[in-house]
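What follows is a set of notes on a single structure, which appears directly below.
The values are calculated or read from the model by the stated rules, or taken from the named source; none is laboratory data. Everything numeric in this text was worked out from a predicted model, so none of it was measured. A quick note on method: Cβ atoms are made from the backbone with ideal geometry, for glycine too, and the neighbour counts reach across all protein chains shown. When the accessible area is computed, the model is the full protein with side chains, heavy atoms only, and any ligands, DNA or RNA have been set aside. Shrake-Rupley method; radii C 1.70, N 1.55, O 1.52, S 1.80 Å.
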Number of protein chains: 2
Amino acid sequence: MKSSADVTNQSESSLRELFPEPAVQRLPWYYTYVSQLHSLGVEQVSSTQISKYLNVEASLIAKDLSYLNIRGKTRIGYDVEQLKAALANFLCFHKAHKAVVFGVGSLGAALISDVGLERYGLEIVAGFDIASRQKIGKTPVYDISEVKNRIAEHNAEIGILTVPPNVAQYVADLAVDAGIKALWNFTPHRLNPRQGIVIQDTSIYSQLALMYNRLELLKNLQR
Amino acid sequence: MKSSADVTNQSESSLRELFPEPAVQRLPWYYTYVSQLHSLGVEQVSSTQISKYLNVEASLIAKDLSYLNIRGKTRIGYDVEQLKAALANFLCFHKAHKAVVFGVGSLGAALISDVGLERYGLEIVAGFDIASRQKIGKTPVYDISEVKNRIAEHNAEIGILTVPPNVAQYVADLAVDAGIKALWNFTPHRLNPRQGIVIQDTSIYSQLALMYNRLELLKNLQR
């Protein structure tokens with residue numbers, strides 16, 4: 001088994017590249033489950049146990065976890081604390097990524113208030129809006145005109161877009177010009193790709209469409 | 001070209017089944033764009049125009065839209081109003097799906113307050129929580145113990161899960177027993193599948209993991 005010292009940034013990066021997206025979907029489930037076990041004082045967990053609880057095939061779990069440079073012991077399973085740390089490390093949940101929210105409406109404000117996100121490595125340091133509000137909890141909300149200075153001051157790298165779709169591109173461009181490296185796009189607007197910038201679309205409207213679609217199929221089957 | 005009368009429920013259902021998920025991802029972008037055009041009084045749109053604005057290949061757009069039984073006219077393009085209606089119809093955004101929210105924390109409350117969701121066919125009629133609150137805007141929030149009666153009373157078919165992960169399965173089971181047909185799961189907990197129930201996972205934590213991953217890759221490349 002490789003020690004963590006063997007894993008250079010370079011090889012970690014190639015591992016990342018090879019990692020298939022469906023597995024990245026499953027890993028946060030494992031992380032949530034072992035975090036709960038850990039908080040309850042459980043020290044060992046087998047892949048059979050994970051498999052039963054999460055309804056994922058045990059062979060698939062073993063395969064997913066093999067990417068992490070962690071191995072279970074026969075008949076004992078995985079060390080919960082080690083597994084939790086390895087998952088957090090692989091998913092980059094262990095370090096704080098500084099983020100700002102653009103558009104402090106109901107969704108933007110909810111993301112700022114959500115303490116859960118911090119456990120997943122997201123530290124929201126500020127919000128921007130046109131209707132200026134002073135603060136949400138302890139997080140300052142600035143006028144959008146201050147974007148350049150404030151992003152530099154807070155050293156933020158992620159911009160969360162929860163603005164109306166018709167201004168999404170405009171605000172995305174402002175954010176990138178101010179130094180933002182990744183855009184987490186909650187709007188149903190398709191952003192123009194830009195060299196060297198990560199765009200992560202989380203369209204809850206596409207998710208709705210998929211859900212409606214499957215619901216209609218189900219109704220037709222039951223008719 | 002088929003008239004809409006030719007399309008029975010049965011054939012519509014088979015169309016649905018054949019429709020690939022990446023296209024369902026793109027269709028809401030088209031819908032958002034043509035909705036904006038429509039609200040600005042624009043009457044015609046070409047696939048070249050959609051292609052330029054949304055950065056999607058024109059041939060792909062033509063292919064996606066061919067599923068809708070709508071065809072553009074040479075040199076004129078699509079009728080905006082017709083296209084909007086066809087997209088809304090296909091995506092089931094045109095009819096109100098009654099939904100309830102389980103867990104009225106920051107995210108749950110934001111979803112209840114979000115007027116945008118109604119334009120995408122989601123009508124949130126009630127919320128449930130353990131810490132009972134009277135209302136969010138005009139939407140009633142009930143104690144979770146009332147779930148059975150209230151879901152029947154409101155005739156809701158969709159349950160939105162924004163509870164803590166450790167109670168997600170328990171609440172999902174309550175919801176299904178009360179008659180909910182589709183669960184929109186925002187928690188990082190993997191729900192047990194149940195016969196005849198649609199589960200739609202929207203894990204913002206997986207999205208975070210993907211974004212971090214791509215951000216790390218980018219940094220390694222730029223080093």
Quiz item: Reachable aspartates and glutamates from A:Lys219, Cα under 18 Å, same-chain residues fewer than 8 places away excluded?
Solution: B:Glu12, B:Glu17, B:Glu157, B:Asp177
Quiz item: If you look at just the Cα atoms of segment A:105-219, how large are its Rg and its Dmax in Å?
Solution: 15.5, 53
Quiz item: Hey, for A:Ala62 with labels 7 Å out along Cα-Cβ, what do the inter-copy distances come to in nm, ordered shortest first?
Solution: 5.0
Quiz item: Which whole-number value in Å³ per residue fits the convex hull of the alpha carbons of segment B:107-148?
Solution: 69 Å³
Quiz item: Dipole magnitude of chain B about its Cα centre, charges +1 at Lys/Arg Cβ and -1 at Asp/Glu Cβ only, in debye to the nearest 20?
Solution: 540 debye
Quiz prompt | Mean Cα-pair separation over length for chain B, i.e. relative contact order, pairs under 8 Å, 6 or more apart, % | solution = 13 percent
Quiz item: Size of the dipole of segment B:146-209 about the Cα centre, Lys and Arg at +1 and Asp and Glu at -1 on the beta carbon, nothing else charged, in debye to 20?
Solution: 100 debye
Quiz item: Among bridges DSSP assigns within segment B:33-166, what percent are antiparallel (round to 5)?
Solution: 30 percent
Practice problem: Would you kindly work out, in nm and rounded to one decimal, the distances from the label point of A:Ser145 to those of the same position in each other copy, ordered shortest first, with label points 7 Å along Cα-to-Cβ? | Solution: 5.4
Quiz item: From the phi of every residue in segment A:78-83, what ³J(HN,Hα) in whole Hz does the Karplus formula 6.51 cos²θ - 1.76 cosθ + 1.60 yield, where θ is phi - 60° and glycine or proline is x?
Solution: 8, 6, 4, 5, 4, 5
Quiz item: Taking N as the number of residues in chain B, what value does Rg over Cα atoms divided by 2.2 N^0.38 Å take?
Solution: 1.19
Quiz item: To the nearest 10 square angstrom, what accessible area does A:Leu91 show with a 1.4 Å probe?
Solution: 10 Å²
Self-check item: Computed label-point distance, nm, for sites A:Glu123 and B:Ser66 using a 7 Å Cα→Cβ extension
Solution: 5.2 nm
Quiz item: With the calculation restricted to Cα positions, what are the radius of gyration and Dmax of the protein assembly as shown in angstrom?
Solution: 22.7, 69
Quiz item: Pick from A:Thr48, A:Thr139, A:Thr74: which residue has the top mean-square fluctuation in a GNM of chain A where Cα pairs under 10 Å get a spring?
Solution: A:Thr74
Quiz item: Efficiency by 1/(1 + (r/R0)^6): what FRET value for B:Arg214 and A:Asp173, r their Cβ-Cβ distance, R0 = 30 Å, to the nearest 0.05?
Solution: 0.95
Self-check item: Whole-Å semi-axes of segment B:50-104's equivalent ellipsoid (Cα gyration tensor)
Solution: 29, 14, 10
Exercise. Would you mind pulling out the separation of the Cα centroids of segment A:52-90 and segment B:177-223, in Å?
Key: 19 Å
Quiz prompt | Length-normalised contact order for segment B:148-223 - Cα pairs under 8 Å, 6+ apart - percent | solution = 27 percent
Quiz item: Chain B: which residue's Cβ hugs the B-to-A rotation axis most tightly, distance rounded to whole Å?
Solution: B:Ala110, 2
Quiz item: To the nearest whole number, what is the average tally of beta carbon atoms from other chains within 10 Å of the beta carbons of peptide B:164-172?
Solution: 2
Practice problem: Any chance you could run the full-extension gain for A:Asn55 through A:His38? It's 0.36 nm times the residue separation minus the Cα-Cα distance, nm to one decimal. | Solution: 4.1 nm
Practice problem: Every other copy gets compared here: list the nm distances from the B:Arg214 label point (7 Å along Cα to Cβ) to its counterparts, shortest first, one decimal. | Solution: 2.2
